[in-house]
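Participant: I have a structure here, written as structure tokens, and I will follow up with some questions on it.
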């Protein structure tokens, strides 16, 4: 049993004997599409990593029809570069599952072009569990189709390219009118995108949005 003081005892401590009870999930499985699941875990917490290893080992034993592979790295900026390259080089029939901190997921969502993120699912370490890993292994195609439900609150992974551009300009202090002129859209469209962004990343107001964006674009709107 892993030390629950680190927050992972309940999630991974009983991985070898709890049977992964996830009766609340109801997904269809289509094995002819995704043939491989590639997990990449980025964490410095040894308890979390040990739990993940046990979970993936059992899932691999239960799903012989899928080729599992996984790699582990720390949460450094170098990890972000490594994972970015892995995403760009991913094979077409592979579902890539990236388990990392919210901050690292945001870096990835901003650094990896949209066209390379086909069949990539981002999961925050604090939201990862046995049930979620089993759900992905049981129904990888459905997981991909419903990937937005796995995107953690507070990350930019769910945003479209236009929404990310609007976020950048908002953070730099541009008004909706200025942004509209730059992007060739009207003010109402800019405001609509801003509301959509706030909903996707779980911000209740403009201050919360600014605080979230500050983590990724810097600490000042100057320059």
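Here's the yes/no breakdown for (1) assigned to a helix (DSSP H, G or I); (2) at pLDDT 50 or above; (3) not assigned by TED's automatic domain parsing to the domain that holds residue 136:
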residue	(1), (2), (3)
18	no, no, no
21	no, no, no
37	no, yes, no
47	yes, yes, no
53	yes, yes, no
60	yes, yes, no
72	no, yes, no
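Participant: Is at least one residue of the stretch 144-163 within 17 Å of residue 206 (Cβ to Cβ) and modelled with pLDDT of 85 or more?
Facilitator: yes
Residue by residue, here is whether (1) more than 23 Å from residue 56 (Cβ to Cβ); (2) part of a helix (DSSP H, G or I); (3) outside the structural domain of residue 66 (by TED's automatic domain parsing) holds:
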position	(1), (2), (3)
106	yes, yes, no
118	no, no, no
123	no, no, no
132	no, yes, no
156	yes, no, yes
169	yes, yes, yes
193	yes, yes, yes
197	yes, yes, yes
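Participant: Looking at the stretch 56-75, which of its residues are touching a strand residue (DSSP E or B) at 6+ places or on another chain (Cβ under 8 Å) and surrounded by fewer than 16 Cβ atoms within 10 Å (Cβ to Cβ)?
Facilitator: 67, 69, 71, 72, 74
Participant: So if I check each of 223, 208, which one is assigned to a loop (DSSP other than H, G, I, E, B), over 30 Å from residue 50 (Cβ atoms) and at pLDDT below 85?
Facilitator: So the residue among 223, 208 that is assigned to a loop (DSSP other than H, G, I, E, B), over 30 Å from residue 50 (Cβ atoms) and at pLDDT below 85 is 223.
The values are calculated or read from the model by the stated rules, or taken from the named source; none is laboratory data. On a predicted model such as this, the values are computed, not experimentally measured, just so you know. Cβ coordinates were reconstructed from backbone atoms using ideal geometry, including for glycine residues, and neighbour counts include every protein chain displayed.
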